[in-house]
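First comes the structure, then the notes that go with it.
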Number of protein chains: 4
Amino acid sequence: MSGSTGSDGAGGDMTGSALAVTVPADLAQISPADERAADPAWDDAVAAIIRAGWRMDQRGWVPATAGNLSVRLADGRIAVTRSGGHKGFLTPDGVIEVTADGRPVVPGQRPSAETFLHCQIYEHFPDAGAVLHGHSVASTVLSMIATDSAIHLEDYEVLKVFEGQTTHKTRLAVPIFANDQNIPRLSRSVALYLDEMKAGYVIRGHGVYVWGPDMDTALARLEGLEFLLSCEAERRRLVSTTASRDVT
Amino acid sequence: MSGSTGSDGAGGDMTGSALAVTVPADLAQISPADERAADPAWDDAVAAIIRAGWRMDQRGWVPATAGNLSVRLADGRIAVTRSGGHKGFLTPDGVIEVTADGRPVVPGQRPSAETFLHCQIYEHFPDAGAVLHGHSVASTVLSMIATDSAIHLEDYEVLKVFEGQTTHKTRLAVPIFANDQNIPRLSRSVALYLDEMKAGYVIRGHGVYVWGPDMDTALARLEGLEFLLSCEAERRRLVSTTASRDVT
Amino acid sequence: MSGSTGSDGAGGDMTGSALAVTVPADLAQISPADERAADPAWDDAVAAIIRAGWRMDQRGWVPATAGNLSVRLADGRIAVTRSGGHKGFLTPDGVIEVTADGRPVVPGQRPSAETFLHCQIYEHFPDAGAVLHGHSVASTVLSMIATDSAIHLEDYEVLKVFEGQTTHKTRLAVPIFANDQNIPRLSRSVALYLDEMKAGYVIRGHGVYVWGPDMDTALARLEGLEFLLSCEAERRRLVSTTASRDVT
Amino acid sequence: MSGSTGSDGAGGDMTGSALAVTVPADLAQISPADERAADPAWDDAVAAIIRAGWRMDQRGWVPATAGNLSVRLADGRIAVTRSGGHKGFLTPDGVIEVTADGRPVVPGQRPSAETFLHCQIYEHFPDAGAVLHGHSVASTVLSMIATDSAIHLEDYEVLKVFEGQTTHKTRLAVPIFANDQNIPRLSRSVALYLDEMKAGYVIRGHGVYVWGPDMDTALARLEGLEFLLSCEAERRRLVSTTASRDVT
């Protein structure tokens, strides 16, 4: 790996959740550092997004053209995936720059439809450096059958992956918002609860949003949240099973 | 990658669902461009089929010798997988040319048994450029237990991957046809509903058919449909669970 | 790939179920053809076993040190996996020769405990060329909860992968035998039913046995059987779900 | 592979459960034998941990920054994963040395939070050479819904992977301990039962601990235990299903 491999490079975080994703074999050739030597910070952001997309695809969280990923650079620029395209097979061309309010810097380029939700997170959390949005079976289905406005996660050791959590003896609410093709309207609903979200949020029948100070941390939180949602789904199946057996 | 890598090459679609599948390590050597330099369009079609088969196998949708894949070239030729053989480990030899009515161009070659269903789609939809047929656990089982003649998909964000869909607030019917070893007879049942199929169709206990203007789009729709069928199966398990708990 | 890569080599079967498994990256170096040039047929058998073990591990069918694999060469020699060792990471050293009644040709070598079940199949079916035994969650659990002495598979298109099957309109019985650490005794129970087994057999709480004229066909049948057992498990979960909903 | 690839190298165990994990492509370059030629035993331990972490990640057992892994060298030194960091993408820098009571040899380095549980196992079992702790959905959920203080595994062939087991006709208890952020206190509960644990133990809502004389054996036992927990979860779902069907 060269200096273009991004946030998991030299001087890495000793205390945090460094998640260095294995690079697809052809990443080196699609992202030649020498051609874009003028902008290594951008290259780093793009490489982090490509690898995170690859990882999310391995886990089945970006089916079809679903999902979107972004990074905010130290200088404030925002790199986000283009609209359309498969997030498991991104190339540098699939990542574009947008302004703080989500408009493409290069006129005519088209960012992911939900870019504004990424920008909202960056504006609200000054230390947010990466945002991930994925679609899993667990998040889709649990949000669609929920009778409450949140999924509650409790007593799991993995809850400690979220900001400020030091024990499994906690109960985190992952709020569920109604899906809405009108993204600005959806973002206004989200705005009311952003401060209380320790583990991200879910859009009903759609997927999760998580973030972190850097891509490694955002990916670790995404893995943690998806693991817990899978546990929650399995728990409901097995609890039902046990209950039925007691009854008969 | 050389110029033989097909539809995800230079000048790629900016707006559509470009799904560039990672190439198996030995694809370059099994498909040497120099030997077939006279027919790059055919090479592209073959490479697209090989990579799509590899992708479908990674997802578990082509067990044993199941599934078949085809591409219609710009000049109208149809490339389809041979009968038999594992679709996750295709080589260029595993793809042959058939006429518009499904007969092998080289006498004695044997195309997939369901080739006629591919041809039917190409004939009916002038802009169809790729057809995929896979066998997943979800499509097999949901079609076998269905009491209706279709699987209905509703309120999922991923529904937007299908042609003409712009919102999750929709309800798409994926028709289910009785399985039949007599493919011409089966195709006559399918013919009656082809115009209404936004998300492909299912043959009971057998699998799904999807298509698109090119292989990337067809693969994205296949991933979308399989994701939604997995959600639908999970939803039924969890809804039942919840119901049982309410009762006890 | 060199001439040592086995049964999917030149002159491959056009009509059958050729399943050419991708070679792990280090197979070339662990099986240098030049060192064993005197016995290419043995090398082919070993390579076929190594690749099949790798494939079975990808699917989760050889956990821990479970499973065993064998090939009968054209000259009658039998190559089988050693006792112990992980079947997903085999090397040529992990495959040894046994006699027709299952004894190691090199004194002191220890074949898999169930080698005798492989030999029984080779003796009973003169055209059997490969035998596979794997442990999946589906085969383990379905056999443990069965109230009948067989798992019945019916109406699935994939049933056509088994010998002599030309339609989904069939009902195949996969017999279940009680597990027994006394392999000769277990083999006597199996012997009574061998002629009727179109899709292999299951040992309760233990796993499946399948075979074919060559490794590609045996692997295709294993994939087919495991796919169908997964369908069967899912079907029972969903049918129960539907029934419960009707009741409430 | 060079001499730095560890416990599955030359002179390997013929009788035991050799599980040689495929090396990630970039392992050679991140662990250059020439730089640390002075300490090949340490290099071997680190390589074994890196590969085991990679394998556990492939199976989904180390989500986010969960899990920890250790090896005890022949000279008594203990190599363990650092606190934080993703266990599927370890580098040699992610493994540090601790004393027999779990303190870092290099002041300021921070071992995994549960290092003391590893040390407890090494102290109690003089022949233990590797300890693995992973988080799976099955172990997390089964331990959270258990009404008993152990998960009982019975009649499974794979039970033979555990120490001293020669038949499926056995019933092993995998004890469940309440999760506790106070690791010394948790270890005192574990201490009372260590001698009876043939198949490791589970911390509720947290994960499993397994060990063995070397990393290959520890990994085989981890795979065996996780396979059996997956079977147990599936069994409960299907038994419930069958019961419901009988009732209706």
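The values are calculated or read from the model by the stated rules, or taken from the named source; none is laboratory data. On a predicted model such as this, the values are computed, not experimentally measured, just so you know. Every residue, glycine as well, gets a Cβ built from its backbone with ideal geometry; the counts of neighbours run over all protein chains shown.
Summary table below
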quantity: Test: residue in segment D:106-121 that is at positive phi, touching a helix residue (DSSP H, G or I) at 6+ places or on another chain (Cβ under 7 Å), free of Cβ contacts under 8 Å to residues at least 40 places away in the same chain and of a type in the set (Gly, Ala, Ser); calculated: no
quantity: Selection within segment B:149-202 - of a type in the set (A, V, I, L, M) and over 19 Å from B:Arg236 (Cα atoms); calculated: B:Val161, B:Ala178, B:Ile183, B:Leu186, B:Val190, B:Ala191, B:Leu192, B:Leu194, B:Met197, B:Ala199
quantity: Pick from segment A:107-154, criterion of a type in the set (D, E, K, R) and in contact with a Ser or Thr (Cβ under 8 Å, 6 or more places away or on another chain), ranking: farthest from A:Thr65 (Cα to Cα); calculated: A:Glu154
quantity: Condition check for C:Ser143: surrounded by fewer than 23 Cβ atoms within 10 Å (Cβ to Cβ) and within 12 Å of C:Val202 (Cβ to Cβ); calculated: no
quantity: Residues that are touching a helix residue (DSSP H, G or I) at 6+ places or on another chain (Cβ under 7 Å), within 14 Å of chain B (Cβ to nearest Cβ) and closer than 24 Å to D:Gly60 by Cβ, drawn from segment A:69-105; calculated: A:His86, A:Lys87, A:Gly88, A:Leu90
quantity: Count of segment A:145-171 residues which are farther than 22 Å from D:Ser83 by Cβ and part of a helix (DSSP H, G or I); calculated: 1
quantity: Residues being β-branched (Val, Ile, Thr) and more than 13 Å from the chain's Cα centre (by Cα) - total across segment C:51-75; calculated: 1
quantity: Matching residues, segment A:58-83, being of a type in the set (Gly, Ala, Ser), in a loop (DSSP other than H, G, I, E, B) and in contact (Cβ under 8 Å) with a residue 24 or more places away in the chain; calculated: A:Gly60, A:Ala66, A:Gly67, A:Ala74, A:Gly76, A:Ser83
quantity: Scope segment C:220-248; condition among the hydrophobic types (A, V, I, L, M, F, W, C) and at pLDDT 95 or above; matching residues; calculated: C:Ala220, C:Leu222, C:Leu225, C:Phe227, C:Leu228, C:Leu229, C:Cys231, C:Ala233
quantity: Residue check for D:Ser187: hydroxyl-bearing (Ser, Thr, Tyr), away from every other protein chain (no Cβ under 11 Å), in contact (Cβ under 8 Å) with a residue 40 or more places away in the chain and surrounded by 18 or more Cβ atoms within 10 Å (Cβ to Cβ); calculated: yes
quantity: All positions within segment C:123-139 that are among the hydroxyl-bearing types (Ser, Thr, Tyr) and either away from every other protein chain (no Cβ under 14 Å) or part of a loop (DSSP other than H, G, I, E, B) (or both); calculated: C:Ser136
quantity: Condition met for D:Ser149 (small (Gly, Ala, Ser) and within 14 Å of chain C (Cβ to nearest Cβ)); calculated: no
quantity: Test: residue in segment A:11-26 that is within 23 Å of A:Asp127 (Cβ to Cβ), away from chain B (no Cβ under 14 Å), modelled with pLDDT under 50 and in a helix (DSSP H, G or I); calculated: no
quantity: Meets criteria (over 27 Å from A:Arg59 (Cβ atoms), among the basic types (Lys, Arg) and surrounded by 14 or more Cβ atoms within 10 Å (Cβ to Cβ)) for D:Arg110; calculated: no
quantity: Filter result for C:Leu142 (over 14 Å from C:Val62 (Cβ atoms), more than 12 Å from chain D (Cβ to nearest Cβ), not small (Gly, Ala, Ser) and not in a loop (DSSP other than H, G, I, E, B)); calculated: no
quantity: Subset of segment B:77-104 [over 15 Å from the mean Cα position of the chain (by Cα) and among the hydroxyl-bearing types (Ser, Thr, Tyr)]; calculated: B:Ser83, B:Thr91, B:Thr99
quantity: Segment C:75-106, subset under 16 Å from C:Leu117 (Cβ atoms) and of a type in the set (A, V, I, L, M, F, W, C), residue surrounded by the most Cβ atoms within 10 Å (Cβ to Cβ); calculated: C:Val80
quantity: Scope segment C:199-215; condition part of a loop (DSSP other than H, G, I, E, B) and closer than 17 Å to D:Ser230 by Cα; matching residues; calculated: C:Arg204, C:Gly205, C:His206
quantity: Residue within segment A:161-169 that is touching a strand residue (DSSP E or B) at 6+ places or on another chain (Cβ under 7 Å), within 11 Å of chain D (Cβ to nearest Cβ) and in contact (Cβ under 8 Å) with a residue 60 or more places away in the chain present; calculated: yes
quantity: Selection status of D:Gln181, more than 22 Å from A:Ser230 (Cβ to Cβ), more than 14 Å from chain C (Cβ to nearest Cβ) and part of a loop (DSSP other than H, G, I, E, B); calculated: yes
quantity: Pair list, Cβ under 8 Å, 6 or more apart: segment C:88-105 residue of a type in the set (Ser, Thr, Tyr), other residue at pLDDT 95 or above; calculated: C:Thr91/C:Ile50; C:Thr99/C:Ile78; C:Thr99/C:Val105
